[in-house]
Structure formats: C-alpha cells, structure tokens
Amino acid sequence: MLLSLLAGLTLAGVAGAPAFAQSTPSTLDKIKARGHIICGTSEGVPGFSLQDKSGVWQGFDTDVCRALAAAIFNDPDKASYLSLSSKNRLVALQSGEIDVLARTTTWSLGRDIGQGISFTAVNYYDGQGFIVRKKLNVNSVKELDGASVCVAQGTTTELNLADYGRTNGIKFETVAFATLEDTVQAYEAGRCDAYTTDLSSLAGTRGKLKNPEEHILLQQVISKEPLGPWVRKNDPTWFDIVRWTVFATIDAEELGVTKANVDEMAKTSQNPEVRRMLGVEGKFGEGLGLTNDWAVRIIKAVGNYGESFERHFGEKTNNPLPRGVNKLWTQGGLQYAPPIR
Ligand SMILES: N[C@@H](CCC(=O)N[C@@H](CS)C(=O)NCC(=O)O)C(=O)O
C-alpha cells in the first residue's frame, strides 16, 4: 500500500506539476476561459457603483472592474457584476462566486487575516459620518447620547459606532439592517434619529431622501475607512494583477499619462518611468501574466486615477465630492503608488 502510494507520488513528480496544481486553474485562467471577469459590486451607491438607465454599472469602483477587463481582454465591457449587500459581500468572495470585490469595502486587520481574503490597494480614503434630522438640533455626534442610529449589518460602520459610544461614554440604540435600502428607508421612515455610513455615500443618500433640507450632515468623521478591491488569498498572481491595476492608474496620473495622450506617450515619451509603465521597456505586463501594454489598455479604458475620480465625483456629477485626501501625494494628498520598475 505504502509502496504503491510512493510510486504514485513519484510518477506524479515525474509527470511534472503535482496533480493538485493541475486541477486548480488560476483565477486569471478561469477568467480567460469564461470570457469575462465577475465583479462583486454594491446595491447602488452614487459615484461608486450604480446602474444607469440602461442597467449598465457605472462608477469609481466599477472602473476598477473595467480596468481589469481591459488589462485582461483589451475590452472593459468584458465584466459582469453581482450586486451584494454589506452582509453577504465577503462570503461571495470567499466562496468563489466573484473574482474580485470592488465595493466600498474597508481594509482592516480583522478582515485581512483568518478569512481567506486580502485587501489589494486603496482606491479611496474615506471616513465615517452621520446624517441627522435637523429638528433634533444637534451639531456633533457627542450630542447623540440616547439616540437611535440606523446602520447596515456586517460593516465597519457598526463596529465604529460601538467604539465611539464606549470611548465617549455615550449610549446609542443601534438599529442594524441587512440591506442598504432597508437601512435608508428605516431612517427616512423615522425609525432612527440618525443614519451613519461612509462619508462618501452620505451626501448622495441625503440627496435621495424625500426632503433633503430636513436633514444635515454632521461635520465630524469618526473613523478611518481605507476602501479598495479585495481578492481571495489563494492566488498571489491575481492579487498582484488587481493591486497593480489600481497602482497603474495612480502612477499614470502622477506621470501625466491620460486617456487622450496614452498612445502618443507610448510612442514618443523618453521618460523611463513612462516607458516602463506603458510596456515600451521591460516585461512587467508579461510578469503579471498579461501583455506588456497592460497599463495602456487600462488607461485607454478608464483614464488615469484623476480622470476616473473627476468622471464620477467631479463638479458636473450628481454626487460631487472634493478630492481631499485622495489627491496625489505630490499635491498634499495620500494617494501614493509604488513605482513600476
Ligand atoms: N466601508 C464600510 C461600509 C460599507 C458599506 O457596505 N456600507 C453600507 C451602508 S451605505 C452599504 O450598504 N453600502 C452600500 C453598498 O455599497 O451597496 C465597510 O467596509 O464595512
């Protein structure tokens, strides 16, 4: 018995890669065979991911999926979207239902360890805020002692609220719901005095309430919410592809490479950093299992980081947001991508 087992092992060894490796195709191979990437998305958050009138997902997080589809297939439309609530998003990623989760999901240690998933890169630095009814006459979260607060289940929001209460000796009546719609509806219906979530989606939510002028956004941020795409831990190459897709858009902004000039830059730029990023020099794309012009494809599809930001959060959008700490580090912000070299 032992002998035959050993013989089997030797044979498997002689044949090359061990059997288990052959039976587990990489995430990239699976995506290529399927012909599109499957992206976990939100239940609809203006600016980040929202279906337009024709049912097409649009937004800053959606652009991450479009960029990945462009990097892999040279076609940003080769992506399908699975709408997920806060509560079921991590399970959908863990179980392999989606290839990547790009849905306002905060990076925290507890999520990064022991759950089989990894955070890749920050695409939006956020923080937690509050909307309250004007008639309550409160100006700070500290004045909400005894208030009921509507919150979505399975979020860092819920945990931060509890922390804030403990730290400041305040008691909130936390009312948690499984979906975004239920949470906002409950607040609107008067079930809670306040509604709390990431600041970036609060302004949009307030705009959608029946009488926005009856609600105010408190000028207080109670937490750090670094948001970005997540992948399963079992595939380091796929992790690198997602992480460096986000980084490429940030590096492109820093280097002045735009949707409009990317082709020209690839042809004429003498800047070694630009040449490496656009695959004119080096074999970085191939190293990722893609083509060397992977970043050209990305920038052509979604533009650089600043262009994507402007398209979804700019002045002309329904959900304008200041660039704030999401400015490049060279402009006093936190967005800083490592070099492509
Ligand atoms: N960033 C926080 C909260 C993100 C979140 O899921 N927020 C709730 C309340 S706005 C939600 O349902 N968002 C809508 C969505 O992304 O579908 C987290 O990762 O836990």
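The values are calculated or read from the model by the stated rules, or taken from the named source; none is laboratory data. All of these numbers come straight from a predicted model, not from anything done at the bench. Neighbour counts are summed over all protein chains in view; Cβ atoms, including those assigned to glycine, are modelled from backbone coordinates with ideal geometry. Ligands, DNA and RNA are excluded from the accessible area calculation, which covers all protein heavy atoms including side chains. Shrake-Rupley method; radii C 1.70, N 1.55, O 1.52, S 1.80 Å.
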Within the chain, longest stretch clear of exposed GluC sites (Glu not before Pro) (DSSP loop, no more than 15 other Cβ within 10 Å): 98-280
Whole-Hz couplings from phi, Karplus 6.51/-1.76/1.60, listed for the range 204-213; x for Gly and Pro: x, 5, 4, x, 8, 5, 4, 10, x, 5
Projected label distance in nm at Arg341 and Asp263, using a 7 Å step from Cα toward the beta-carbon: 3.0
Rg followed by Dmax, in Å, when the range 99-192 is reduced to its Cα trace: 15.1, 45
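May I ask you to list the trypsin sites (Lys or Arg not before Pro) in the range 156-237 that are in a DSSP loop and have at most 13 other Cβ atoms within 10 Å of their Cβ? Write down the numbers at each step before the final one.
Details: sites: Arg166, Lys171, Arg191, Arg206, Lys208, Lys210, Lys224, Arg232, Lys233; in loops: Lys171, Arg191, Lys210, Lys224, Lys233.
Loop-located and lightly packed - Lys171, Lys210.
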Debye intensity ratio I(q)/I(0), log10, the range 38-128, q values 0.22, 0.24 Å⁻¹ (C-alpha model): -1.18, -1.36
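Normalise the Cα radius of gyration of the range 134-174 by 2.2 N^0.38 Å (N = residues in it) and let me know the number. Each step should come with its number before you reach the end.
On the way: Rg = 10.4 Å, N = 41, 2.2 N^0.38 = 9.0 Å.
My calculation over the Cα atoms of the range 134-174 gives 1.15.
Which whole-number value in Å² is the accessible area per residue of the chain, probe 1.4 Å?
Working: 16330 Å² over 341 residues.
Dividing the accessible area of the chain by its residue count gives 48 Å².
Assuming a strict under-19 Å limit between Cα atoms, what lysine pair count do you get for the range 87-231 once near-sequence pairs (fewer than 8 apart, same chain) are dropped? Write out the running numbers ahead of the final one.
Numbers: Lys134/Lys142; Lys134/Lys208; Lys134/Lys210; Lys135/Lys208; Lys135/Lys210; Lys142/Lys171; Lys142/Lys224.
Summing the qualifying lysine pairs gives 7.
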Helix axis angle, 60-73 relative to the chain longest principal axis, alpha carbon, degrees: 10
Candidate lysines - alpha carbon under 29 Å from Lys267, same-chain residues fewer than 8 apart omitted: Lys32, Lys78, Lys259, Lys283, Lys300, Lys327
P(r) histogram, all alpha-carbon pairs of the range 230-307 included - 5 Å bins from 0, percent: 3, 17, 29, 24, 15, 7, 3, 1
Under 20 Å from the Cα of Lys53 - aspartates and glutamates, other chains or at least 8 residues apart: Glu43, Asp61, Asp63, Asp77, Glu181
Whole-Hz ³J(HN,Hα) from phi, Karplus 6.51 cos²θ - 1.76 cosθ + 1.60, for the range 155-161, glycine and proline x: 10, 5, 3, 4, 5, 5, 4
Theoretical FRET efficiency, 1/(1+(r/R0)^6), r = Cβ-Cβ of Asp77 and Glu286, R0 30 Å, to 0.05: 0.80
Apportionment of accessible area to carbon and sulfur, the chain, percent (1.4 Å): 54
Karplus (6.51, -1.76, 1.60) ³J(HN,Hα), θ = phi - 60°, over the range 260-272, in Hz, Gly and Pro reported as x: 6, 10, 4, 5, 5, 4, 5, 7, 10, 5, 9, 6, x
Dimensions in Å of the range 145-270 - Rg and Dmax from alpha carbons: 20.6, 64
P(r), alpha carbons of the range 33-74 - 5 Å bins starting at zero, rounded %: 6, 24, 28, 23, 13, 5, 0
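Can you tell me the length gained on complete extension of the stretch Ala178 to Ser148, counting 0.36 nm per residue apart and subtracting the Cα distance? All intermediate terms of the calculation are to be shown ahead of the outcome.
Numbers: separation 30, 0.36 × 30 = 10.80 nm, distance 1.67 nm.
9.1 nm is the gain from fully extending Ala178 to Ser148.
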Under-5 Å amide H pairs with Phe130, H placed in peptide plane, nonlocal only: Leu218, Gln220
Spin-label pair Leu136/Trp329, simplified geometry with 7 Å Cα→Cβ offset, distance in nm: 3.9
Rg/Rh for the range 197-341, where both radii come from Cα atoms and Rh is the Kirkwood radius: 1.05
Hull shadow area, averaged, the range 95-139 [alpha-carbon convex hull, nm²]: 5.4
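Given R₀ = 41 Å, FRET efficiency for Gln185-Lys233 by Cβ-Cβ distance, to 0.05?
Numbers: r = 36 Å, r/R0 = 0.87.
Here the calculated transfer efficiency is 0.70.
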Square roots of five times the Cα gyration tensor eigenvalues for the chain, Å: 39, 27, 17
Cα Rg over Rh - the range 272-341, Kirkwood: 1.07
Dipole axis of the range 83-167 (+1 Lys, Arg; -1 Asp, Glu on Cβ), positive-most option in Val151, Ile113, Ile98: Val151
Residue (of Thr183, Phe247, Thr197) at the positive-pole extreme of the range 160-248, dipole from beta-carbon charges: Phe247
Value of [θ]222 nm, deg cm²/dmol, for the chain, DSSP H segments ≥ 4, -39500 (n - 2.57) each, nearest 500: -11000 deg cm²/dmol
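So which trypsin sites (Lys or Arg not before Pro) in the range 20-67 end up in coil per DSSP with only 16 or fewer other C-beta atoms within 10 Å? Walk me through the numbers on the way to the answer.
Details: sites: Lys30, Lys32, Arg34, Lys53, Arg66; in loops: Lys53.
Loop-located and lightly packed - Lys53.
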